[in-house]
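Worksheet: one structure, shown below.
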Amino acid sequence: MDSKYIEQLLERYWQCETSLEEEAQLRAFFSEDNVPEHLLRYKNLFVYQQLQQKVHLGEDFDARVLAEIEVPVVKAKRMTLTARFMPLFKAAAVVIVVLSLGNMMQHSFFSDVKEVAAVDTIGKQISAPSVALSGDMTVTHEKQIIDSLHPVDKVKENKK
């Protein structure tokens, strides 16, 4: 083939204007041994293209790709009712522990105080009437409360 024609084909090839037959002519020209020196730099490209057309995928290619793609089947676990409510049970246990520790701390802070503290009355039944009674009954009840505190005062005086 004429080197001028090959140069024209190369120009058209680089501009992506060649047909498949013209590209085949270029590959055939560069696969020969007598390529002019000024065109030798393009020989490796066309020889590489020709070699790559001969390379094909193996017979087992589809099977290997499908084996890599397939996801193993994961079976769903059966959950019992207790397993479903386990986080709720744990949260309730934490709340109980926190409240118990808080109650213990309150009692330990007020253990040295002999009078009835407001926090100690939580949960205990208070015997004071909710409506003020007239007459001696209110005085009697108040007197009972004061009298119940006097023995404590007397014990403190005896210790001093």
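Here, each number is a calculation from the coordinates, and none is a lab measurement. Remember, predicted model here, so these are calculated numbers, not experimental data. No Cβ is skipped: glycine too gets one built from the backbone with ideal geometry, and neighbour counts run over all protein chains shown.
What is the local net charge at Asn34, summed over the other residues whose Cβ is closer than 15 Å to its Cβ (Lys, Arg +1; Asp, Glu -1)?
On the way: positive: Lys43; negative: Asp2, Glu32, Asp33, Glu37.
Once all neighbours under 15 Å are counted, the net charge is -3.
Between Glu23 and Gln8, 0.36 nm times their residue separation minus their Cα-Cα distance comes to what? Don't skip to the answer; put the middle values down first.
Working: separation 15, 0.36 × 15 = 5.40 nm, distance 1.19 nm.
Using 0.36 nm per residue and subtracting the Cα-Cα distance, I get 4.2 nm.
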> With a ≥ b ≥ c the root eigenvalues of the C-alpha gyration tensor of the range 3-56, is it rounded (a/c under 1.5), prolate (a/b larger than b/c) or oblate?
Replying inline: oblate
>> Please give the charge dipole size of the range 3-56, origin at the Cα centre, charges +1 on K and R Cβ atoms and -1 on D and E Cβ atoms. Round to the nearest 20 debye.
In response: 180
> With each pseudo-label sitting 7 Å past Cα toward Cβ, what's the Ala91-Glu32 distance in nm, one decimal?
Replying inline: 8.5
